[in-house]
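Chemist: One structure, as structure tokens, below. Some questions next.
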Amino acid sequence: MADFRVRRLDPAQTKIRNVPIAVTPEGFWCCPSPAVLQKTLKNHNHQSKQKGSPPPLKDPSVQKASTPPTEKIPLSNQLKSRAVSDDQRCMTLDASAASPTKAPERPPKSNGENQQRKIRVGFGQPETSDLKVILFGKEGIVVRMSVHRNILAEHSSFFADKLSTESPVPYIEIMDCEDVEIYVETVGLMYSKEVKHRLIKQSVPRILCILKVAESLGYRSCVKSCLDYLEAVPWVGEEEENVVTSIRHLQNDKYGVNPILKRVASDISNPPNDTLTRVLELVLKSNEDRGRRETKSLVLKLFKENNLWTNGSADICTETLNGSCQNCLDSLLALLRQASEPGFVDKSLESKDPVVRRIALEADNLLWLVEILADRHMAGEFAVMWSSQNELAELHSKLPIVSRHPVSSITARLFVAIGRGEMLPSKDTRQQLLHVWLQPLIDDYSWLQHGCRSFDRKVVEEGIGQTILTLPLEDQQNILLSWLGSFLKVGDNCPNLQRAFEVWWRRTFIRPYVEQQGNLAQLDRS
């Protein structure tokens, strides 16, 4: 809470600026708008700079005091020409605001007092005001509020405590106010019977500011109205985090913030696994191209964001994702068995097309799941599953290339994951993966380049080469010599593994010679 002290003000040092106060059926309650405060500051700075020049034109929204503050204009005279509604009427509380006469300009002082900008605000009926609250804000702004003891003591435990002393308190000073405008508005809300109605057109950031001041003043009804507002209004962008941060500490104060917090957190500590299963099931079973494509991109992005927060650690998603992979794998195997049956090729296009489309669909599902697993560094278990699919690889070779090439995209993604270090399968798994699936990938390579939008030839070739180079030198030789035979036959329709071939060549022929020469040199030195 800001500093509190009681003192008397020196009338000779007080420069007062009056600002319009909005009128409501309950009385005058609204604070000066930010525009009025800014105009006050600009006018003061402009007058200070132009010493000796003619006084500037008076801003109709900010008037200087021209009569003593004790003189009052009857309320009936000031409201006589305002006849539409209470909410449309505006007036100032002192006669100085209504007087058309401008007070003579005082020469600016050279000391620090010249930097203070003082504003006068009144609430309720001015003739019954019995307390002054002085707010000292930033940039030298000083706001003097004419208020009523009973109103402040009734609504605010802070003011009730300060006014409970036996000796009368003529002034209350609040030092170092972060935002005097919000402070004035919060005090003004004490004069309104419908606080929630007054808050309805405010923004979320402003409500959070009012909530902070109301809490510091012990203004419980205003705090409750702010919480009701935050519970019902939509949050945009960063507002969610700001709201949660601002109200979390109120959980133990019986304000009822749980309905707000339930918007962002469930009573269950971890999200249920069946919810994730349901999301994956809906995506994997979809047949609508656009909705399926956009939803897959969305879910993949959300998984990546979640991976940033969990630092790639295993979580409840692992079992669910692996289970979905196994289901898709079983479905793909059944489809390939059906497409490999004798006489399937001779069937009509209408009979074959649904099976071919489903093969492509299941292959795309597996590729999407592998993408998620690889990004979360959890694709090792699927690599074991895929490397053991000897029957699937055998059936794959019996199908027309136009039907089977989507299956090879799964193999390509696994090689990329190994080459990037996104997973660390065992040597046996890497050997088996290359033994079972490298040749089918080579056979489908031309179609993969032209039939898959997301296929990146350089990335795939780098992944294949790096995977081969992780094996023992003898295995590297067998695989690369077999690749060389294919590359010399089909050229660009085969993966270009020249970089891996160069590394293998140096390891086989150059490295032993270099090591031998190094050993001889060492013997000579010894």
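The values are calculated or read from the model by the stated rules, or taken from the named source; none is laboratory data. A quick note: this is a predicted structure, and the numbers were derived from the prediction, not measured. For neighbour counting, all protein chains shown are included, and Cβ atoms are generated from backbone atoms with ideal geometry for every residue, glycine included. The area values use the complete protein model at the heavy-atom level, side chains included, leaving out ligands, DNA and RNA. Shrake-Rupley method; radii C 1.70, N 1.55, O 1.52, S 1.80 Å.
Chemist: Taking region 234-263 as the region of interest, how many residues are open to solvent by 60 Å² or more (accessible area, probe 1.4 Å) and on the phi < 0 side of the Ramachandran plot?
Modeler: Of the residues in region 234-263, 16 are open to solvent by 60 Å² or more (accessible area, probe 1.4 Å) and on the phi < 0 side of the Ramachandran plot.
Chemist: Could you list, in sequence order, all residues of region 465-476 that are open to solvent by 40 Å² or more (accessible area, probe 1.4 Å) and either among the basic types (Lys, Arg) or under 12 Å from Val503 (Cβ atoms) (or both)?
Modeler: Residues satisfying the conditions are Gln466, Thr470, Leu473.
Chemist: Only helices (runs of 4 or more DSSP H) wholly contained in region 434-503 count here; list those with 1 or more residues that are over 24 Å from Pro400 (Cβ atoms).
Modeler: Here the list reads 457-469, 473-490.
Chemist: As an exercise: evaluate Met423 against (1) at pLDDT 90 or above; (2) in a helix (DSSP H, G or I); (3) surrounded by 15 or more Cβ atoms within 10 Å (Cβ to Cβ) and give the number of the one condition it does not meet.
Modeler: (2)
Chemist: For Leu488, indicate whether it is open to solvent by 60 Å² or more (accessible area, probe 1.4 Å), under 42 Å from the mean Cα position of the chain (by Cα) and farther than 27 Å from Arg293 by Cβ.
Modeler: So Leu488 does not fit the description; no.
Chemist: Still on this model: Can you find even one residue in region 220-233 that is buried (at least 19 other Cβ atoms within 10 Å of the Cβ) and in contact (Cβ under 8 Å) with a residue 40 or more places away in the chain?
Modeler: yes
Chemist: Kindly establish whether Arg511 is open to solvent by 100 Å² or more (accessible area, probe 1.4 Å) and at pLDDT 90 or above.
Modeler: Details: open to solvent by 100 Å² or more (accessible area, probe 1.4 Å): yes; at pLDDT 90 or above: no.
It is false that Arg511 is open to solvent by 100 Å² or more (accessible area, probe 1.4 Å) and at pLDDT 90 or above.
Chemist: Also: Got a sec? Which of Trp504, Trp483 is in contact with a Pro (Cβ under 9 Å, 6 or more places away or on another chain) and of a type outside the set (D, E, K, R)? If you could, list the steps in order and put the result at the bottom.
Modeler: On the way: Trp504 fails: in contact with a Pro (Cβ under 9 Å, 6 or more places away or on another chain).
Just a single option satisfies the conditions, and that option is Trp483.
Chemist: With the condition kept exactly as written, say whether any residue in region 452-459 is among the β-branched types (Val, Ile, Thr), open to solvent by less than 20 Å² (accessible area, probe 1.4 Å), closer than 25 Å to Ile372 by Cβ and assigned by the TED database to the domain that holds Ile401. Working first, answer last.
Modeler: Step one: list which residues in region 452-459 are among the β-branched types (Val, Ile, Thr), which gives 459.
Okay, now just the ones that are also open to solvent by less than 20 Å² (accessible area, probe 1.4 Å), so none.
Checked against the condition, which is being among the β-branched types (Val, Ile, Thr), open to solvent by less than 20 Å² (accessible area, probe 1.4 Å), closer than 25 Å to Ile372 by Cβ and assigned by the TED database to the domain that holds Ile401, region 452-459 yields no hits at all.
Chemist: If you don't mind, another one. Yes or no: region 201-216 includes at least one residue that is closer than 23 Å to Val244 by Cβ, open to solvent by 20 Å² or more (accessible area, probe 1.4 Å) and in contact (Cβ under 8 Å) with a residue 60 or more places away in the chain.
Modeler: So far as region 201-216 goes, yes, one or more of its residues are closer than 23 Å to Val244 by Cβ, open to solvent by 20 Å² or more (accessible area, probe 1.4 Å) and in contact (Cβ under 8 Å) with a residue 60 or more places away in the chain.
Chemist: Scan Val416, Val407, Val402 and give me the residue that is in a helix (DSSP H, G or I) and under 32 Å from the mean Cα position of the chain (by Cα).
Modeler: Residue meeting the stated conditions: Val416.
Yes/no per residue for (1) surrounded by fewer than 21 Cβ atoms within 10 Å (Cβ to Cβ); (2) in contact with an Asp or Glu (Cβ under 7 Å, 6 or more places away or on another chain); (3) modelled with pLDDT of 90 or more:
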{"position": "Leu152", "(1), (2), (3)": "no, no, yes"}
{"position": "His155", "(1), (2), (3)": "no, no, yes"}
{"position": "Asp161", "(1), (2), (3)": "yes, no, no"}
{"position": "Ser164", "(1), (2), (3)": "yes, no, no"}
{"position": "Pro168", "(1), (2), (3)": "yes, no, no"}
{"position": "Tyr171", "(1), (2), (3)": "yes, no, no"}
{"position": "Val184", "(1), (2), (3)": "no, no, yes"}
{"position": "Ser192", "(1), (2), (3)": "yes, yes, no"}
{"position": "Lys196", "(1), (2), (3)": "yes, yes, no"}
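Chemist: Which condition from (1) of a type outside the set (D, E, K, R); (2) in contact (Cβ under 8 Å) with a residue 60 or more places away in the chain; (3) farther than 23 Å from Leu361 by Cβ is the one that Gln439 breaks?
Modeler: (2)
Chemist: Open to solvent by 30 Å² or more (accessible area, probe 1.4 Å), within 30 Å of Arg293 (Cβ to Cβ) and modelled with pLDDT of 90 or more: does that describe Trp505? Show your work before the answer.
Modeler: On the way: open to solvent by 30 Å² or more (accessible area, probe 1.4 Å): yes; within 30 Å of Arg293 (Cβ to Cβ): no; modelled with pLDDT of 90 or more: yes.
So Trp505 does not fit the description; no.
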